[in-house]
Amino acid sequence: MVSTSTSTSTAHEALAQRRVLRTAIPGPRSLALAERRAVAVSAAVASTMPVYAARAGGGVVEDVDGNVLIDLGSGIAVTSVGNAAPRVVEAVRAQVEAFTHTCFMVTPYESYVAVAEELARLTPGDHAKRTALFTSGAEAVENAVKVARAATGRPAVVVVDHAYHGRTTLTMTMTAKVAPYKQGFGPFAPEVYRASASYPFRDGLTGEEALARTVATITTQVGAANVAAVVIEPIQGEGGFIVPAPGFLAGLARWCRDHGVLLVADEVQTGFARTGAMFACEHEGVVPDLVTMAKGIAGGLPLSAMTGRAELMDAVGPGGLGGTYGGNPLACAAALAALRTYEEDDLVGAARAIERLVLDRLRAAQAGDPRIGDVRGRGAMLAVEIVDPITGAPDAALTRAVAQAAHRAGVIVLTCGTDGNVLRLLPPLTIGPDLLAEGLDVVLDALAAQPG
């Protein structure tokens, strides 16, 4: 049995913050559940980990066999305030006792309004703002496109290489990667166009050079006068945690403003302290016209949001935005508790501390291992790009092997990247430094143990 003790004041008190391996990964109960799953759940729904969760708290997940795993994934950047965060649990419990649903479009309630007020305060810019709430990131992005088209009267939407925006017909059209997100699901939505972006490790361009390339594509293939919005992740998520070269985002924002094009920042994965700022746009001094949010907004409950300039959000007629479950009262209660946690516990500062700890370790490892092609990211959104040491080509097989070895050793770590060759680190912002260091040790040891 492996056991390492550590704790933080924000950790879930009922679940000790330590890694414990009681069985092989997966254990017998997880294997039994996998057999039940095989006959009940669509094979199209895939899972990263071979274990089944029983409890989770702070920075760990306990499976049904009693193994306790270090969580470097946060449910894909969702449980940023820690799993089962105390404020979130108490807020949801109180709301369940009051009412679980009325539908804001039928009988509205204060918590929806309060979330909108908080998002107006927290999102970049001091202009008048309005918000609409939904349930998933894809819904928020799709509705941002609806607002952009209604407000500008233009049809075209521009997205970029390596983008990920969701799984609906429109948002999978906007997503760059075919497999598994788009394969066999066409035809796709019209009037969506793709341009290059900035990928410093691969293109070697400055921000200004990358911007010139992007603008040239838009100008020649779409025409600025036809573009309603450019939709972009300030740091690309599924595409590989790509941080654009300095100046690219700010230059793109200027180009949009000069041509009457709306800039939509997809902050679904980057939002809420994840990158060491409340929103990733803040690192570049960019104020988007519309911001889409989800994942870390509500401590694990399904909620998404679109916040934008008041005149744009009000350009859609009454009833044009909404949804039965959008802004569910349980999720709104959780969001208000999570937002309070981000600010009162200084999780922006915690993300920056995670960045310092992890980047130092990753860069030291990179210096001694040519298979680590790039180390990048901000805050607690960090990545290692794995390549062939001779050719520099993406090495998805090695990346997958490292992740699987870490899983067997009791650490949840995710992969990403258009070529599947990026290890991504998304720990809860509340994780203790000892637990984080141990999880990182496991991942780096897994890489070092791989041949080649």
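The values are calculated or read from the model by the stated rules, or taken from the named source; none is laboratory data. Quantities reported herein were computed from a predicted structural model and do not represent experimental measurements. Please note: Cβ atoms are built from the backbone with ideal geometry, for glycine as well, and neighbour counts cover all protein chains shown.
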May I ask you to say which residue of 340, 400 is within 28 Å of residue 82 (Cα to Cα), among the basic types (Lys, Arg) and assigned by TED's automatic domain parsing to the domain that holds residue 91?
340
Check residue 157 against each of (1) surrounded by fewer than 19 Cβ atoms within 10 Å (Cβ to Cβ); (2) of a type in the set (A, V, I, L, M); (3) at pLDDT 95 or above and name the one condition it does not meet.
(1)
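When the range 245-274 is examined, which residues are found to be of a type in the set (Asp, Glu) and within 27 Å of residue 76 (Cβ to Cβ)?
Start the filter on the range 245-274 by keeping residues that are of a type in the set (Asp, Glu), which leaves 258, 266-267.
Across the range 245-274, the qualifying residues are 266, 267.
When you go through 193, 181 one by one, which is the residue that is in a strand (DSSP E or B) and either in contact with a helix residue (DSSP H, G or I) (Cβ under 8 Å, 6 or more places away or on another chain) or at positive phi (or both)?
Residue meeting the stated conditions: 193.
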Among (1) touching a Lys or Arg at 6+ places or on another chain (Cβ under 9 Å); (2) more than 14 Å from residue 334 (Cβ to Cβ), there is one condition residue 87 misses while meeting the rest; what is its number?
(2)
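So that you can scan it fast, the table gives a plain yes or no per residue for (1) surrounded by fewer than 24 Cβ atoms within 10 Å (Cβ to Cβ); (2) under 14 Å from the mean Cα position of the chain (by Cα); (3) in a strand (DSSP E or B):
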site	(1), (2), (3)
230	no, no, yes
250	yes, no, no
253	yes, no, no
257	yes, no, no
264	no, no, yes
275	no, yes, no
If I filter the range 139-155 for residues that are among the small types (Gly, Ala, Ser) and in a strand (DSSP E or B), do I get at least one hit?
no
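Do we find a residue being buried (at least 22 other Cβ atoms within 10 Å of the Cβ), part of a helix (DSSP H, G or I) and without any contact (Cβ under 8 Å) to a residue 40 or more places away in the chain anywhere in the range 197-210? Reasoning before the result, please.
As a first pass, look at the range 197-210 and keep what is buried (at least 22 other Cβ atoms within 10 Å of the Cβ): 197-199, 210.
When the remaining residues are screened for being part of a helix (DSSP H, G or I), the result is 210.
Then keep just the ones that are without any contact (Cβ under 8 Å) to a residue 40 or more places away in the chain; that gives 210.
Within the range 197-210, one or more residues are buried (at least 22 other Cβ atoms within 10 Å of the Cβ), part of a helix (DSSP H, G or I) and without any contact (Cβ under 8 Å) to a residue 40 or more places away in the chain.
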Across the range 43-52, what is the number of residues that are surrounded by fewer than 16 Cβ atoms within 10 Å (Cβ to Cβ) and within 22 Å of residue 299 (Cβ to Cβ)?
2
Are there any pairs, at least 6 apart or on different chains, whose C-beta atoms fall under 6 Å, with the first in the range 224-248 and closer than 16 Å to residue 208 by Cα and the second of a type in the set (D, E, K, R), and if so, which?
243/376; 247/208
Restricting to the range 90-113, name every residue that is without any contact (Cβ under 8 Å) to a residue 24 or more places away in the chain and either in contact with a Lys or Arg (Cβ under 9 Å, 6 or more places away or on another chain) or under 27 Å from residue 16 (Cβ atoms) (or both).
93
